[in-house]
Amino acid sequence: MAYCSCGGLGFGGWLYLRIWITFIGTCSTSVFPAASLRSPDLSTGLGTKQHPQRQQQHFSSLDDKPQFPGASAEFIDKLEFIQPNVISGIPIYRVMDRQGQIINPSEDPNLPQEKVLKFYKSMTLLNTMDRILYESQRQGRISFYMTNYGEEGTHVGSAAALDNTDLVFGQYREAGVLMYRDYPLELFMAQCYGNVSDLGKGRQMPVHYGCKERHFVTISSPLATQIPQAVGAAYAAKRANANRVVICYFGEGAASEGDAHAGFNFAATLECPIIFFCRNNGYAISTPTSEQYRGDGIAARGPGYGIMSIRVDGNDVFAVYNATKEARRRAVAENQPFLIEAMTYRIGHHSTSDDSSAYRSVDEVNYWDKQDHPISRLRHYLQSRGWWDDEQEKDWRKQSRKKVMEAFEQAERKPKPNFSLLFSDVYQEMPAQLRKQQESLARHLQTYGEHYPLDHFEK
């Protein structure tokens, strides 16, 4: 209670006491017997107005239902902690087995030959581009690269299930989404080389693609920052009645970031039309999943946020397609988020800055590369349908390599963007301090320009 400086009850103390007495007077007599209550003289305080007692509801122990607003549950009379894995494990949805055979005919998407061939050609063209640009970095031609080996099915299967106007927030291993949306090889190369054709004007690291025309938001290096941003975009689409979904890609490692929690919770409470697409490829750079979390993967987190969730075989392009297509349909129709966890494996190193042989065995990598590769699985499917054969495979491999090499050679010949672009595209009107820096650079280059490869930059 609050006391005044003279030792008696102050105004706050009288108020506190008055509230406490009123509370006691309204409680069940089985807890506070009425005979034990006496009304003190409050004539010197807040008055003596009497409040009528509220009608009490009496429940038996069997009928008493929880009224707490924070959860939906029942009372129990036995002390029991919830086990981490409430069920034995969230199942993995698949459509075809490793030999490309459809397991349950009712789940076959029955896609036309032309579309399935586009799946296959997008996946294999991406694989070819990866090999050439990876070697390009090793030769010192570009500064950095990240391959997509083993995860091609997650990109193409999900991209094919979206509308072309659906907004994509990628992490940095979703080049196949752009590939499926017919992003030109020349622009892939331009971005990695940072030349004059690069839509980002050479300001980003390689593989940080972005394309407004194809509704692909520019990639940012920091993990998980795209997750709350994607939720904001989905909320805007909902308010605009845009009949559009946002898809947000991330790895299981990024799901450990606080931004993932914030994004999941906002999406659920604001009822946003968004698909959270988690590529669980086994490693967060060098950290295996066994050291990342103790629960049942990422899909198990969805119900805790009130998000519809599913786990799929990420090496099965049809399973990814079916799950994404249904999630998209319901996300738009019902204005609610969906979480898809695609189980896959990162066959390549995390990036050209990584040597994965330091933390995993060659046998482990070879198993996934030789026994359960998404490209091999789809090829088996095509061959079983009579839609593809060894001769077509040989011709396509030769043709796709030629396409990539032509774009590669073209990108190398192009100059870098003009260095004056360092100062543009941030402010509508350049502030004085930035203008001073620009003028300082111009004077420096005028004096010492012979020491810089200025002929490599656009005039």
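The values are calculated or read from the model by the stated rules, or taken from the named source; none is laboratory data. Values in this document were obtained by computation on a predicted structure and should not be read as measured data. Virtual Cβ from ideal backbone geometry, glycine too; neighbours counted across all protein chains shown. Areas reflect the complete protein model, heavy atoms only, side chains present, ligands, DNA and RNA absent. Shrake-Rupley method; radii C 1.70, N 1.55, O 1.52, S 1.80 Å.
Table for the structure above
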read-out	value
More than 18 Å apart - percent of Cα-Cα pairs taken over the stretch 352-459	75
Where N is the number of residues in the stretch 277-322, Cα Rg divided by 2.2 N^0.38 Å	1.27
Reciprocal of mean inverse Cα separation for the stretch 345-392 (Kirkwood radius, Å)	12.6
Listed pairs LYS118/LYS238; LYS436/LYS459; LYS212/LYS238; LYS325/LYS394 exceeding 24 Å between Cα atoms	LYS118/LYS238; LYS325/LYS394
Cut-off of 10 Å, at most 10 other beta carbons, DSSP loop: longest stretch of the chain lacking such GluC sites (Glu not before Pro)	214-428
Overall Cα dimensions of the chain, principal axis frame, Å, largest first	97, 70, 47
Alpha-carbon Rg with Dmax, taken over the stretch 294-360, Å	15.3, 47
Accessible surface of the chain, 1.4 Å probe, proportion on carbon and sulfur as whole %	52
Å² per residue, accessible surface of the chain at 1.4 Å	56
Per DSSP, loop trypsin sites (Lys or Arg not before Pro) in the stretch 244-295 with at most 14 further Cβ within 10 Å	ARG294
Chymotrypsin sites (Phe, Trp or Tyr not before Pro) restricted to the stretch 311-392 and DSSP loop, no more than 13 other C-beta within 10 Å	TYR359
Stokes-Einstein D for the stretch 84-239, Kirkwood Rh over Cα pairs, 25 °C, 0.890 mPa s (µm²/s)	140
The chain - mean residue ellipticity at 222 nm from DSSP helices (-39,500 (n - 2.57) per run, n ≥ 4, rounded to 500)	-12500 deg cm²/dmol
Reference-scaled alpha-carbon Rg (2.2 N^0.38 Å with N residues) for the stretch 262-387	1.23
Rg over Rh [alpha-carbon atoms, Kirkwood Rh] for the stretch 242-308	0.99
DSSP bridge pairs, the chain: antiparallel proportion in percent, nearest 5	15
